[in-house]
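The structure appears right after this line, and notes come after that.
Nothing in this text is a laboratory measurement; each read-out follows from the coordinates by a stated rule. A quick note: this is a predicted structure, and the numbers were derived from the prediction, not measured. For neighbour counting, all protein chains shown are included, and Cβ atoms are generated from backbone atoms with ideal geometry for every residue, glycine included.
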Amino acid sequence: MRRAEHLHTPRVAVVHEWLTTAAGGERVLEQILRIWPEADLFAVVDFLPDKDRPMLQGKRAQTTFIQRLPWAAKRYRNYLPLMPIAIEQLDMSAYDIVISSSHAVAKGVITGPDQVHVSYVHSPIRYAWDLQHQYLAEAGMARGLKSGLARLILHYMRMWDLRSANGVDVFVANSAFIARRIRKVYRRDAQVVHPPVNVARFGLRADKEDFYLTASRMVPYKKMPLIVEAFSRMPERRLVVIGDGPEFERARAVAGPNVELLGYRGDAELVDRMQRARAFVFAAEEDFGITPVEAQACGTPVIAFGKGGSCETVVGDGPSRTGVFFHEQAVEALVDAVARFEALPEPIPAERCRAHAEGFSESRFRDAFRQLVFEAWAGAEWRSVPMESSPSQVNSKESKV
């Protein structure tokens with residue numbers, strides 16, 4: 001008798017990478033736990049501050065031995081070589097559905113043939129695959145003994161990552177860009193469910209002021225100094241920059257008098273600036289990129305680098321346009337994009353930007369992801385047909401679904 005004839009409410013486990021801060025991946029986790037509030041939570045480590053615990057409905061994750069290692073709270077990333085072993089020790093045997101939220105090792109949990117493992121992939125391990133050389137260069141490990149050791153560890157991580165992909169029943173990507181990366185790395189197809197964006201906290205404002213805005217952590221791949229330098233070459237245009245990080249001094253060094261570097265600012269000021277800005281400028285190649293969606297939720301068009309997730313979050317041409325793309329991470333390309341933006345026959349309507357952003361709402365994510373997991377579970381139930389069943393019996397049973 002097939003398992004579908006003994007239907008029950010499936011037990012759900014949710015596996016996250018590490019819980020240390022409330023960033024984009026944790027916002028996805030928050031919504032998954034809103035769909036399945038009864039789920040048990042697992043992670044490599046859990047050092048999430050108490051102030052952020054409500055987003056997990058007060059849950060504390062069941063963790064691995066890395067939680068108890070020296071300096072794990074601050075230097076948990078240093079234990080990356082141990083994480084494949086650690087994640088495999090989490091016992092998933094009591095659960096019917098296992099959902100992993102993965103950008104490194106979470107998808108490597110071990111599941112059995114009567115369990116469904118759905119992995120929401122933010123990206124295959126970036127620093128182990130196509131971005132290895134970039135990460136090593138930025139970390140100052142392009143050459144030398146440390147470089148050799150790092151490359152050996154990453155080689156091991158690639159082999160384990162590919163092996164662990166075989167334990168996933170359904171891959172879900174946060175963008176079509178990441179789905180292509182999954183196909184390249186794992187040779188598996190992935191369904192796309194864009195991450196949730198809290199568009200409700202961004203009020204629409206149609207009247208804009210005469211300044212451009214960019215906001216981000218100032219890390220190398222965000223290309224913030226590039227944006228600052230481009231606007232410094234356009235002294236007639238004002239740029240406001242929000243954000244702090246290791247690239248701040250580089251940005252300050254190329255800033256002209258028309259560029260206002262504000263450093264870190266709280267959410268309230270960020271939203272206020274987003275609502276008032278003429279356009280939001282975004283130069284990173286992101287897997288998805290939440291900030292451009294937030295800007296559009298304010299009714300603000302986006303001037304974006306036309307590669308990666310921006311191609312899915314911004315409409316760069318046609319009657320539904322919500323922004324303008326530039327196709328090279330170069331000062332001249334951004335200067336040209338700003339000129340093209342200002343030369344548009346008519347301004348991009350704020351209402352159009354807002355309507356586009358609402359397609360990435362939290363409720364839309366919950367509906368789409370719940371349906372996908374339900375279909376994976378139901379599909380597994382219908383495949384559980386005994387060997388002695390004839391094809392005609394199988395077809396007859398499936399017709400009753």
> Can you list the GluC sites (Glu not before Pro) in segment 279-380 that are in a DSSP coil and have 13 or fewer other beta carbons within 10 angstrom?
Replying inline: 328
>> For Cα Rg over 2.2 N^0.38 Å, pick the label among [x] 1.08; [y] 0.95; [z] 1.02 that corresponds to the value derived from the coordinates.
In response: [x]
> To the nearest 0.05, how large is the calculated FRET efficiency for residue 149 and residue 217 if R₀ is 41 Å and r is the Cβ-Cβ distance?
Replying inline: 0.90
> Working out 0.36 nm times the residue gap between residue 135 and residue 53, then minus their Cα-Cα distance, what length gain in nm do you get to one decimal?
Replying inline: 26.4 nm
> Working out 0.36 nm times the residue gap between residue 162 and residue 364, then minus their Cα-Cα distance, what length gain in nm do you get to one decimal?
Replying inline: 69.6 nm
> How big is the convex hull of the Cα atoms of segment 199-359, per residue, in Å³?
Replying inline: 98 Å³
>> With the crude spin-label approximation of a point 7 Å out along Cα→Cβ, what separation in nm comes out for residue 258 versus residue 60?
In response: 5.5 nm
>> Give me the one-decimal nm value for the distance between modelled label points at residue 236 and residue 8, 7 Å along each residue's Cα-to-Cβ direction.
In response: 7.3 nm
>> Using amide H atoms built in the peptide plane, which far-off residues or other-chain residues are under 5 Å from residue 302 H to H?
In response: 280, 323, 324
> Which whole-number percent is the relative contact order of segment 199-359 (Cα, under 8 Å, 6+ apart)?
Replying inline: 25 percent
>> What does the extension gain come out to for residue 269 and residue 82, with contour length at 0.36 nm per residue minus their alpha carbon separation?
In response: 63.2 nm
> Hey, what did the chain get for relative contact order, percent, Cα under 8 Å, at least 6 apart?
Replying inline: 14 percent
> Taking segment 210-271, which GluC sites (Glu not before Pro) meet the DSSP loop condition and have no more than 13 other C-beta atoms within 10 Å?
Replying inline: 236
> How do the peptides 54-61, 207-214 rank, highest first, by the average count of neighbouring beta carbon atoms within 10 Å per residue?
Replying inline: 207-214, 54-61
